[in-house]
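Visitor: Dropping the structure in here first, questions after.
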Amino acid sequence: MTNGLRIAILGAGGLGRGMALMLSKRKGFTLVAMADSEGFAYNPAGLSLEALNPNGQIQQLHLIPEFGVKTPTAIADLMVNHGDAIDAVFMALPNLPVDFYANTIQFIAENTAFQGVMVDALKRTKAVELLLPLNDTLAENNILYITGCGATPGFLTTIAAVAAQSFVELEHIDIHFGVGVANWEQYRATIREDFLHLEGFDAERVAAMSDQEIEEELEKRNGLIELVNMEHADDIILELAGICDRSKITVGGLVDTRNAKKPTSTTVTVKGITAQGESTIHKFVVGDATTMVDNVCGPACGFMAKGVELHNYGIVGLRTSAEIMPRFSAEGLVLAASQNMIQPQAVSV
């Protein structure tokens, strides 16, 4: 690791390329591999931003001179051939269909030499639930997988987990986000996932929609997507961490697909009862100047680094971002074990 942690990014859309930018500015990380649906690029000395975006234009990975490989099974080929030379993986893949992550991770664990850390920025509760049975498979193959490491779940979830420590009883947690995207095509997969939470849409319908149909729907909404009471993985992650029952957690927000400026500020509000019996709130406001790259890829970098540290301690299997925050009570340990989900370990972090 003389050049820093060796990182692979699976997915080369807006989120994947945003992570490439973030890694280039964070000390101790070297991007050695990146894969998309058409191929991958691998350079043990590191992939530069210039190689990924020559002359400011996005380069298809398989066209990168010397390091690009064209293949319809890019993820499998990359991880089979080079998995043993990668320390950590950032999962920036589309979440359609909902079992795509679980199937991909299981393949990597069972069929490649990769033995390191994987983190994701998954948003859907169901997708995280499908990961939970993989705990033993991951542990047996010496992999630590941390789910929910983006903005929400992730950055904002862990803020809620820490803020909860001020209270003896949690009444409600609300996460409300504002996202600005200057060009929706840069984050196609993310925008498509957001459509799943709109009335009248489901996974089957969204998967069948063309880009033109997505654009037409956005036109009807003046480019704005308002999301209310979403099926969002913050709920299961905070529940597994013993913070509160998922019924006390709400997530929603406003996405502007035409402007980089956020249409509203992102906030986390934690309401609870103090030791003196008072009901009050903590409210955290995220700086409006921060972008999706800052708030998703930045925290994910931190979780990758923390994951490698924990992996070096021998911690493997499936964990959540909120698990490496202070636990609200010992009851959370019992909850996780009783549901046969994430087996707790006595780790001082």
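Visitor: Return the only residue of Leu23, Leu78 being within 30 Å of His232 (Cα to Cα), crowded, with 16+ Cβ neighbours inside 10 Å and of a type in the set (A, V, I, L, M, F, W, C). Steps first, please.
Guide: On the way: Leu78 fails: within 30 Å of His232 (Cα to Cα).
Step by step, each of Leu23, Leu78 is checked, and only Leu23 is within 30 Å of His232 (Cα to Cα), crowded, with 16+ Cβ neighbours inside 10 Å and of a type in the set (A, V, I, L, M, F, W, C).
Visitor: Give the residues of segment 156-182 that are buried (at least 19 other Cβ atoms within 10 Å of the Cβ), in a strand (DSSP E or B) and in contact with a Lys or Arg (Cβ under 9 Å, 6 or more places away or on another chain), sorted by residue number.
Guide: Leu170, Ile173, Phe177, Val179
Yes/no matrix, rows are residues, columns are (1) touching a residue at least 60 places away in the same chain (Cβ under 8 Å); (2) among the polar types (S, T, N, Q); (3) over 21 Å from Gly116 (Cβ atoms); (4) part of a strand (DSSP E or B):
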site: Ala33; (1), (2), (3), (4): no, no, no, yes
site: Ser37; (1), (2), (3), (4): no, yes, yes, no
site: Ala41; (1), (2), (3), (4): no, no, no, yes
site: Ala45; (1), (2), (3), (4): no, no, no, no
site: Gln59; (1), (2), (3), (4): no, yes, yes, no
site: Leu78; (1), (2), (3), (4): yes, no, no, no
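Visitor: On the basis of being in the same structural domain as Met304 (by TED's automatic domain parsing), within 19 Å of the chain's Cα centre (by Cα) and not aromatic (Phe, Trp, Tyr), does Gly178 make the cut? Can you show your working first?
Guide: Details: in the same structural domain as Met304 (by TED's automatic domain parsing): no; within 19 Å of the chain's Cα centre (by Cα): yes; not aromatic (Phe, Trp, Tyr): yes.
No.
Visitor: Is it the case that segment 238-246 has a residue that's closer than 18 Å to Ala121 by Cα, touching a Gly at 6+ places or on another chain (Cβ under 7 Å) and assigned to a loop (DSSP other than H, G, I, E, B)?
Guide: Looking through segment 238-246, at least one residue is closer than 18 Å to Ala121 by Cα, touching a Gly at 6+ places or on another chain (Cβ under 7 Å) and assigned to a loop (DSSP other than H, G, I, E, B).
Visitor: Please verify whether Ala160 is outside the structural domain of Ala305 (by TED's automatic domain parsing), within 24 Å of Gly302 (Cα to Cα), in contact with a Gly (Cβ under 8 Å, 6 or more places away or on another chain) and among the hydrophobic types (A, V, I, L, M, F, W, C), treating the condition exactly as stated. Lay out the reasoning, then the answer.
Guide: Working: outside the structural domain of Ala305 (by TED's automatic domain parsing): yes; within 24 Å of Gly302 (Cα to Cα): yes; in contact with a Gly (Cβ under 8 Å, 6 or more places away or on another chain): no; among the hydrophobic types (A, V, I, L, M, F, W, C): yes.
Judged against the criteria, Ala160 is not a match.
Visitor: Still on this model: Among the residues of segment 181-203 satisfying the criterion of being closer than 22 Å to Ser321 by Cβ and either outside the structural domain of Phe284 (by TED's automatic domain parsing) or charged (D, E, K, R) (or both), which is modelled with the lowest pLDDT?
Guide: Checking each candidate, the answer is Glu193.
Visitor: Do you know which residues across segment 40-50 are farther than 15 Å from Ala92 by Cα and crowded, with 20+ Cβ neighbours inside 10 Å?
Guide: Ala41, Tyr42, Leu47
The values are calculated or read from the model by the stated rules, or taken from the named source; none is laboratory data. Bear in mind the structure is a predicted one, so any value in this text is a computation, not a measurement. Virtual Cβ from ideal backbone geometry, glycine too; neighbours counted across all protein chains shown.
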